[in-house]
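What follows is a set of notes on a single structure, which appears directly below.
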Amino acid sequence: MLNKVALVGRLTKDPEMRYTANNQTPVAKFTVAVTRTFKKEGQPDADFIPVVVWGKQAENCGRYIAKGRLVAVSGRLQTRSWDDQDGKRHYATEVIADEVDFLDRGSDSKGQGADYGMGNDDFHPVDGEDDLPF
């Protein structure tokens with residue numbers, strides 16, 4: 001059996017960052033708007049897919065992406081349920097991301113800019129093939 005999801009879309013708002021109570025593992029949640037290939041008149045032309053990211057990848061999402069950014073997400077689909085305080089059962093279906101790739105360069109909205117936190121001193125051009133490390 002296979003549970004694999006691949007999405008390309010834009011964030012509907014900035015990622016929501018949280019940390020688990022016990023071991024402070026980072027968790028990022030955001031929604032990706034994915035354009036529908038086939039649409040009928042009067043129907044919405046996008047689906048809004050909730051995404052959950054854990055660990056270092058979550059920290060990177062919180063740091064480098066924001067509303068409107070184009071991302072590619074791959075992971076698995078997960079459904080969970082819970083009972084609220086009134087005893088009503090609720091269901092949620094979301095993508096648990098293994099990878100989130102940032103597909104556009106974005107603006108300086110997160111304070112890091114288009115270079116993803118790399119300063120100009122991190123890049124050193126090589127003059128000739130003799131200087132290559134391989």
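Coordinate-derived values only; no laboratory data. What you see is a predicted model; the values in this text were computed from it and never measured. Note that we place each Cβ from the backbone using ideal geometry, even for glycine, and neighbour counts take in every protein chain shown.
Computed values, structure above
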| read-out | value |
| --- | --- |
| 10 Å-binned pair-distance histogram of region 5-107 (Cα, whole percent) | 15, 41, 31, 12, 1 |
| Which of Tyr64, Tyr91, Tyr19 has the fewest Cβ neighbours within 10 Å, and the rest in rising order | Tyr91, Tyr19, Tyr64 |
| Summed residue charge, Cβ within 10 Å of Val73's Cβ, Lys/Arg positive, Asp/Glu negative | -3 |
| Efficiency of FRET between Val8 and Trp54 - r from beta-carbon atoms, R0 30 angstrom, step 0.05 | 0.90 |
| Region 5-107: relative contact order as a whole-number percent, Cα under 8 Å and 6+ apart | 30 |
| Hz values of 3J(HN,Hα) by residue in region 29-43 - Karplus curve (6.51, -1.76, 1.60), Gly and Pro given as x | 10, 7, 10, 10, 8, 10, 5, 7, 5, 10, 9, 9, 4, x, 8 |
| Candidate lysines - alpha carbon under 19 Å from Lys29, same-chain residues fewer than 8 apart omitted | Lys4, Lys13, Lys56, Lys67, Lys110 |
| Ranking of Val8, Val73 by count of other Cβ atoms within 10 Å, fewest first | Val8, Val73 |
| Ranking of Lys13, Lys67 by count of other Cβ atoms within 10 Å, fewest first | Lys13, Lys67 |
| Total formal charge among the other residues, if their Cβ is under 15 angstrom from that of Lys39, Lys/Arg +1 and Asp/Glu -1 | -1 |
